């Protein structure tokens, strides 16, 4: 795939996630897709994403940075969301948090085949230390809400 084709694939993939268009997920990820070294396949990948949306009803993938170097994609995603309970083994419980996820993708045959993801858990922990009531809104990374 060319750089432009990879960028289009990724933007369409993110739109699929944000729309929760799960029947279309297989258009973007390979049948044996891997996530952080675990082979999940499309059904397991879909289940992982569905659980994310259940735990975070206002989840929305904001692409902050996007680079394509065939066959790879690198992206920094920004999230401003309100997990309802535990998230990443942290008691978030309805507090609004802001954090980033750095993700690398490797594509094969026009689809995402491998995903490596790291979430900035330290940013969430810092926000939780500053906020002690459900519904509080604290944003550390950009410094524009406390």
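The values are calculated or read from the model by the stated rules, or taken from the named source; none is laboratory data. All figures in this text were calculated on a predicted structure; none of them were measured in a lab. Here the Cβ positions follow ideal geometry from the backbone for every residue, glycine too, while neighbour counts run over all protein chains shown.
Brief remarks on what is shown
- Breaking point among (1) closer than 28 Å to residue 127 by Cβ; (2) outside any helix (DSSP H, G or I); (3) touching a helix residue (DSSP H, G or I) at 6+ places or on another chain (Cβ under 7 Å); (4) modelled with pLDDT of 95 or more, for residue 49: (2)
- Selection within segment 101-120: residues that are under 19 Å from residue 58 (Cβ atoms) and surrounded by fewer than 17 Cβ atoms within 10 Å (Cβ to Cβ). The member of this set that is modelled with the lowest pLDDT is 119.
- The condition of being buried (at least 17 other Cβ atoms within 10 Å of the Cβ) and free of Cβ contacts under 8 Å to residues at least 60 places away in the same chain holds for only one of 29, 42, 33, that being 42.
- Count of segment 6-25 residues, restricted to those that are assigned to a helix (DSSP H, G or I) and touching a residue at least 24 places away in the same chain (Cβ under 8 Å), is 11.
- Among residues that are in contact (Cβ under 8 Å) with a residue 60 or more places away in the chain, within 18 Å of residue 63 (Cα to Cα) and surrounded by fewer than 18 Cβ atoms within 10 Å (Cβ to Cβ), residue 3 is included.
- Set 63, 33, 42: member being farther than 30 Å from residue 95 by Cβ, touching a strand residue (DSSP E or B) at 6+ places or on another chain (Cβ under 7 Å) and part of a strand (DSSP E or B): 33
- Search result, residues across segment 76-118 that are under 18 Å from residue 12 (Cα atoms), in contact with a strand residue (DSSP E or B) (Cβ under 8 Å, 6 or more places away or on another chain) and outside any strand (DSSP E or B): 109
- Among (1) in contact with a strand residue (DSSP E or B) (Cβ under 8 Å, 6 or more places away or on another chain); (2) surrounded by fewer than 17 Cβ atoms within 10 Å (Cβ to Cβ), the one test that residue 73 misses: (2)
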